[in-house]
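Okay, so here's the structure we're looking at.
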Ligand code: AMP
């Protein structure tokens with residue numbers, strides 16, 4: 001592959017969801033074509049891409065056909081199995097590297113990597129049997145969170161243990177998958193940093209943002225996070241350390257907790273565009289999606305500057321999606337819809353961004369008012 005990737009080259013993106021859709025739109029602006037690998041016909045990403053291969057993510061013939069059609073391969077979805085990743089990497093450059101994807105797919109590998117890199121996390125122990133769970137609970141104390149090591153997202157594949165008696169039921173629900181027990185962090189805030197890193201080590205990080213969840217699904221992102229500067233510095237230093245230690249070429253989101261003592265602990269990392277970076281489309285000269293494409297294409301990385309403060313609100317499920325006409329009629333709301341045919345409960349259908357002058361992010365009532373028909377957030381403290 002010649003770098004930088006020349007205009008009209010084809011970027012292969014694994015995954016057909018909204019992250020692929022917004023990456024493909026950013027790639028198109030930079031003069032690239034995207035080819036999507038997805039299981040779905042008419043996926044959100046393939047609706048705006050030049051081409052798509054419809055295939056299972058571990059079907060060798062599908063992966064081969066996809067690789068043959070592209071110049072470089074990246075991801076919006078990181079759960080391709082190890083053999084699939086190796087096959088893709090044997091055919092075309094894969095960025096971020098398969099090793100990074102493998103690390104982020106598995107919570108035990110991820111936490112082992114983070115500890116080795118000197119990055120703080122919640123205390124944790126791997127759990128394979130009920131006896132190991134009892135021993136882990138005795139070591140870490142309660143409350144604690146039991147999670148599947150793989151394929152968990154939006155609170156799926158995890159259980160909160162409050163009392164010793166909760167262990168048996170939680171283990172029965174989540175086993176026989178490999179599990180991890182994490183000490184419960186009584187966090188004051190959840191924050192994240194999205195950063196890009198190029199092949200030459202160039203690094204560009206967006207401002208730290210604050211994330212509010214509802215029913216385990218991201219509801220709001222506030223940019224910038226309302227945190228003291230020392231907390232911000234910890235978060236930014238951690239993101240840099242993670243990106244460098246991974247040898248990342250691409251984009252990375254680092255999700256973190258701020259604990260009661262102002263200490264920043266990493267929850268998880270995602271080597272791809274992230275929901276908590278959607279605000280960058282409207283509030284930054286170059287969005288997370290543009291930085292993702294630039295990093296994998298070997299283009300220069302601009303500074304990840306912000307020209308406005310922003311609130312991003314997800315549109316989740318049928319109730320919020322039903323507000324679409326009212327959203328369109330509300331001045332100041334910047335609408336994004338992902339082209340999904342069916343608004344199932346809990347499904348991310350789109351998002352809305354509201355910009356504020358830099359330094360003028362309002363408090364909870366101001367944010368609620370600014371979201372107009374979406375002024376739902378009792379979640380905002
Ligand atoms: P995850 O799937 O790991 O991103 O977890 C989903 C959500 O569960 C997080 O955003 C937190 O709100 C909560 N959570 C996960 N792990 C912990 C933990 N160790 N302590 C406290 N809350 C947690």
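The values are calculated or read from the model by the stated rules, or taken from the named source; none is laboratory data. Note that the structure is a prediction, hence the values are computed from the model and not measured. Note that we place each Cβ from the backbone using ideal geometry, even for glycine, and neighbour counts take in every protein chain shown.
Annotations for the structure displayed:
- Here residue 238 qualifies as out of contact with any helix residue (DSSP H, G or I) (no Cβ under 8 Å at 6 or more places or on another chain) and under 14 Å from residue 266 (Cα atoms).
- Applying the condition of being in contact with a strand residue (DSSP E or B) (Cβ under 6 Å, 6 or more places away or on another chain) and more than 9 Å from the ligand (Cβ to nearest atom) to the stretch 149-166 and asking which residue is farthest from residue 270 (Cα to Cα) yields 161.
- Residues of the stretch 260-271 that turn out to be crowded, with 17+ Cβ neighbours inside 10 Å and either within 13 Å of the ligand (Cβ to nearest atom) or at pLDDT below 95 (or both), as a count: 6
- Residue match in the stretch 68-77 (condition: more than 26 Å from residue 280 (Cβ to Cβ), surrounded by fewer than 22 Cβ atoms within 10 Å (Cβ to Cβ) and in contact with a helix residue (DSSP H, G or I) (Cβ under 9 Å, 6 or more places away or on another chain)): yes
- Selection status of residue 182, closer than 18 Å to residue 262 by Cα, touching a residue at least 12 places away in the same chain (Cβ under 8 Å) and within 15 Å of the ligand (Cβ to nearest atom): no
- In the stretch 138-148, residue nearest to the ligand (Cβ to nearest atom) [restricted to those that are under 28 Å from residue 77 (Cβ atoms) and in contact with a helix residue (DSSP H, G or I) (Cβ under 7 Å, 6 or more places away or on another chain)]: 147
- Only residues that are within 15 Å of the ligand (Cβ to nearest atom) and either touching a residue at least 40 places away in the same chain (Cβ under 8 Å) or crowded, with 19+ Cβ neighbours inside 10 Å (or both) were counted in the stretch 167-177, giving 2.
- Selection within the stretch 187-204 - in contact with a strand residue (DSSP E or B) (Cβ under 9 Å, 6 or more places away or on another chain) and either free of Cβ contacts under 8 Å to residues at least 12 places away in the same chain or within 16 Å of the ligand (Cβ to nearest atom) (or both): 187, 188, 189, 190, 191, 192, 193, 194
The rows are residues; the columns are (1) over 14 Å from the mean Cα position of the chain (by Cα); (2) touching a residue at least 12 places away in the same chain (Cβ under 8 Å); (3) under 30 Å from residue 337 (Cβ atoms).
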residue: 234; (1), (2), (3): yes, yes, no
residue: 245; (1), (2), (3): yes, yes, no
residue: 256; (1), (2), (3): no, yes, yes
residue: 260; (1), (2), (3): yes, yes, no
residue: 276; (1), (2), (3): no, yes, yes
residue: 285; (1), (2), (3): yes, yes, yes
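- Scan of the stretch 205-245 for residues that are part of a loop (DSSP other than H, G, I, E, B), within 18 Å of residue 309 (Cβ to Cβ) and within 15 Å of the ligand (Cβ to nearest atom), ordered by number: 225
- Total residues in the stretch 9-42, condition closer than 24 Å to residue 276 by Cβ and buried (at least 24 other Cβ atoms within 10 Å of the Cβ): 16
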